[in-house]
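J.: For reference, the structure I am asking about is given below.
Taken together, the values in this text are just the output of simple stated rules run on the coordinates, not laboratory data. For clarity, every value in this text was computed on a predicted model and none was experimentally measured. As a convention, Cβ positions derive from the backbone with ideal geometry for all residues, glycine included, and neighbour counts pool all protein chains shown.
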Amino acid sequence: MSNRAGTFINNLSGEMAYNSFRPNSLPPNPAIVLDNELVSKLIDANKKLAMLDGLSSHIPNVDLFVSMYVRKEALLSSQIEGTQCTLDDILNPLLEKNTNLNVLDVVNYIKATEFALSRLQTLPLCNRLIKETHAVLMEGVRGQEKNPGEFRYSQNWIGGQGSTIRNARYIPPNPEDMQIAMSDLEKYMNSNDSLDPLIQIALIHYQFETIHPFLDGNGRIGRLLITLFMMEKKILSRPSLYISYFLKMNRIEYYDRMTQVRKTGDYEQWIIFFLEALADSASDAIQTIDKFTVLHNNNIVKFNNLSERQRSSVLKVFDYIENNPIIDIQKTASALNLAYNTVSKIVMLLIEKGILKESDKIGKAKIYSYYEYLNILRKDT
């Protein structure tokens, strides 16, 4: 069976026989049909992304926002794959992250994101960069035995827990077809396609998930590709957009729409869904920036009546809690090179001013949270 998107191929014979999917290279042929609905969604997504990029270029603490958004995206993208962990687990300074595999999954996603963004400054978006990023993602976590940083040499399949190749929901390209498909995808990512870049990334994300080149971690790498492509194409000047919340909330439709492309060759219905995800996620990011900015400005004025010397130390701690909204005094003092007693007094001051709250103890240590900030971040997680 074949269509515009590809062909289902017979592999092996007898009891061992199975059908894998061989995707056609991009762009689709016949070309994408730009009907009124798709064009309308495209205009809306481009408009909201431009608003987001303009806003993120002018707020004073944009790096803080991006840092927190990377952590949130890492959590949500990992949750789509079944990782069970909360934002507080990721941010808690006293939680031993090396012994909690759920937390380590998310911490590695953060590292992989930061690595890929840095690498993108010296490399184009290519298979080498994808492999290197995958190696960081899978280091020391569940799936580390599944060839981190290497495309697979064996057949994989997608299905429920315990499923076999016989009852799999989808069987990606066999290893030989996969190598060819990833080479073709690399060429497409670096081509001068005349399609709007947002349509291109919709196609790239679909194609990568269809190829499924790794034995594990394909979903997370595929969603990270969205951000990397938009950065490379200068749609975003900072990695301020992540769409995993939308995809998590619409998980069944997310998978069904990609399946529909493979079955019927209907790329257009997938692109429309993807553009909705981009527009919705951009709107969410704009609202979050607004909330962070208001909170920052409301709290910073609470230090105006302090002496110059005291204000300097307080601002140091305040900057720290904006990057680390759950703290303990010992680690904060060490990180800022301040005396324990100095930080302790500042923490009490921040509690008095309604900025910090004492949280539950972990062992003998007390931890404190920047609760209003956390409430903004916790939304949707």
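J.: Using a Gaussian network for the chain with springs between C-alpha atoms less than 10 Å apart, which of these wobbles most: Glu37, Glu139, Glu276?
T.: In the Gaussian network model the winner is Glu37.
J.: In whole Hz, what ³J(HN,Hα) sequence does the stretch 211-222 give by Karplus (6.51, -1.76, 1.60; θ = phi - 60°), x for Gly and Pro?
T.: 5, 6, x, 9, 6, 7, x, 5, x, 5, 5, x
J.: Test of understanding: ordering Glu268, Glu209, Glu150 by Cβ neighbours within 10 Å, fewest first, what list do you get?
T.: Numbers: Glu268 17, Glu209 20, Glu150 14.
Fewest to most other Cβ atoms nearby, the residues stand as Glu150, Glu268, Glu209.
J.: Quick one: Kirkwood hydrodynamic radius for the stretch 6-289, alpha-carbon pairs, angstrom, one decimal?
T.: 19.5 Å
J.: Among His205, His296, His134, which one shows the highest mean-square fluctuation when the chain is modelled as a Gaussian network with alpha-carbon springs under 10 Å?
T.: His296
J.: I need the P(r) histogram for the stretch 265-313: all alpha carbon pairs, bin width 10 Å from 0 out to the longest distance, whole percents.
T.: Final binned percentages: 21, 24, 19, 15, 11, 7, 2.
J.: For a quick check: sort Leu42, Leu185 by the number of other beta carbons within 10 angstrom, fewest at the front.
T.: Fewest to most other Cβ atoms nearby, the residues stand as Leu42, Leu185.
J.: For the stretch 305-378, what does the alpha-carbon gyration tensor say about shape, rounded, prolate or oblate, given a ≥ b ≥ c as the root eigenvalues, a/c under 1.5 as rounded, and a/b over b/c as prolate?
T.: Because a/c hits 1.5 or more and a/b fails to exceed b/c, the stretch 305-378 counts as oblate.
J.: Please state the relative contact order of the stretch 305-378 as a whole percent: Cα pairs under 8 Å, 6+ residues apart? Could the numbers behind the result be given before it?
T.: Working: 65 pairs, mean separation 22.6, N = 74.
Relative contact order, the stretch 305-378: 30 percent.
J.: Over the chain, what relative contact order in percent results from Cα pairs under 8 Å that are six or more residues apart?
T.: With pairs under 8 Å counted, the relative contact order is 22 percent.
J.: Let me ask you something else. Give, rounded to the nearest 20 debye, the magnitude of the charge dipole that the chain has about its Cα centre when Lys and Arg contribute +1 at Cβ and Asp and Glu contribute -1 at Cβ.
T.: 860 debye
J.: Taking the stretch 305-378, how many lysine pairs are there with alpha carbons less than 15 Å apart, if each pair must be eight or more places apart or span two chains?
T.: 10
J.: So who's got an amide H within less than 5 Å of the one on Phe21, skipping anything under 5 residues away but keeping other chains? H placed 1.01 Å off N, in plane.
T.: Excluding prolines and chain starts, which carry no amide H, the hits are Ile9, Ile171, Asn174.
J.: Angle, helix 251-264 long axis vs. longest principal axis of the chain, Cα atoms, 0 to 90°, nearest 10?
T.: Between the helix axis and the principal axis of the chain, the angle is about 20 degrees.
J.: Separate question: Nearest 10 degrees, 0 to 90: what angle lies between the long axis of helix 101-119 and the longest principal axis of the chain (Cα atoms)?
T.: Relative to the chain, helix 101-119 is tipped by roughly 80 degrees.
J.: If each DSSP helix of 4+ residues adds -39,500 (n - 2.57) and the sum is divided by the residues in the chain, what number results at 222 nm, nearest 500 deg cm²/dmol?
T.: Helices in the chain give a 222 nm mean residue ellipticity of -19000 deg cm²/dmol.
J.: To the nearest 10 degrees, how steeply does helix 340-352 sit against the main Cα axis of the chain, on a 0 to 90 scale?
T.: Roughly 80 degrees, rounded to the nearest 10.
J.: Pull up the cross-link candidates among the lysines for Lys146, meaning alpha carbon to alpha carbon under 30 Å and not fewer than 8 places away within one chain.
T.: Lys72, Lys97, Lys111, Lys131, Lys187, Lys248, Lys263
J.: Could you tell me which residue out of Tyr245, Gln260, Phe274 lies farthest along the dipole of the stretch 210-329 toward its positive end? Charges go on the beta carbon: Lys and Arg +1, Asp and Glu -1, centred on the Cα centre.
T.: Tyr245
J.: Further question: When only Cα pairs under 8 Å and 6 or more residues apart are kept, what is the percent relative contact order across the stretch 106-252?
T.: 23 percent
J.: Could you size up the charge dipole of the stretch 240-326 around its Cα centre, putting +1 on the beta carbon of Lys and Arg and -1 on that of Asp and Glu, and report it in debye to the nearest 20?
T.: My answer is approximately 400 debye.
J.: Would you calculate the separation in nanometres between label points at Lys263 and Gln330, each defined as 7 Å from the Cα along the Cα-to-beta-carbon direction?
T.: 5.7 nm
J.: Something else about it: Count the DSSP beta bridges whose two residues both fall in the chain, then state the antiparallel fraction as a percent rounded to the nearest 5.
T.: Around 100 percent of the beta bridges assigned by DSSP in the chain are antiparallel ones.
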